[in-house]
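A short write-up of the structure that comes next.
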Amino acid sequence: INAEYGGTWECAMDSVKVAGECAKMQSELVALQQRLRAVQQQIGGEQDRKAKLSVQEAEYCGKVSEAEVRSDKAAEMALDMNQELDSVMDQKDELEEKKEQLEQERDRLMEEAARG
């Protein structure tokens with residue numbers, strides 16, 4: 001071993017150890033960088049998934065809102081129809097009452113005509 005390494009066997013061995021540690025750390029760094037890229041890709045995929053779910057949620061909310069509007073309109077129509085039905089039933093009752101009065105009047109007139 002020459003004087004460049006300090007002239008000692010220990011110094012040369014320390015250099016080899018440092019070089020080995022550097023190579024080991026470089027390998028670990030490469031592995032960590034690869035893992036980082038994989039995690040970043042996974043995060044990107046999750047962000048895409050989240051964006052798609054957000055769009056689906058917005059579409060669902062729109063459909064729910066539309067269904068609520070339809071439901072409100074249907075309830076309003078049902079109320080209108082019930083009111084109309086009540087009115088028709090009232091008219092029917094009035095007509096039946098009138099019919100009974102007319103039948104009673106007819107019967108009375110027939111009795112008078114039969115007597116008279």
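The values are calculated or read from the model by the stated rules, or taken from the named source; none is laboratory data. A quick note: this is a predicted structure, and the numbers were derived from the prediction, not measured. As a convention, Cβ positions derive from the backbone with ideal geometry for all residues, glycine included, and neighbour counts pool all protein chains shown. Note: accessible area is taken over every heavy atom of the protein model, side chains too, but ligands, DNA and RNA are not part of it. Shrake-Rupley method; radii C 1.70, N 1.55, O 1.52, S 1.80 Å.
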Given the criterion exposed (fewer than 10 other Cβ atoms within 10 Å of the Cβ) and among the small types (Gly, Ala, Ser), identify the matching residue among Ala38, Ala113. Ala113
Return the residues of the stretch 79-108 that are open to solvent by less than 90 Å² (accessible area, probe 1.4 Å) and hydrophobic (A, V, I, L, M, F, W, C); say none if nothing qualifies. Val88, Met89
Considering each residue of the stretch 42-78, count those that are open to solvent by 100 Å² or more (accessible area, probe 1.4 Å) and more than 27 Å from the chain's Cα centre (by Cα), and give that number. 1
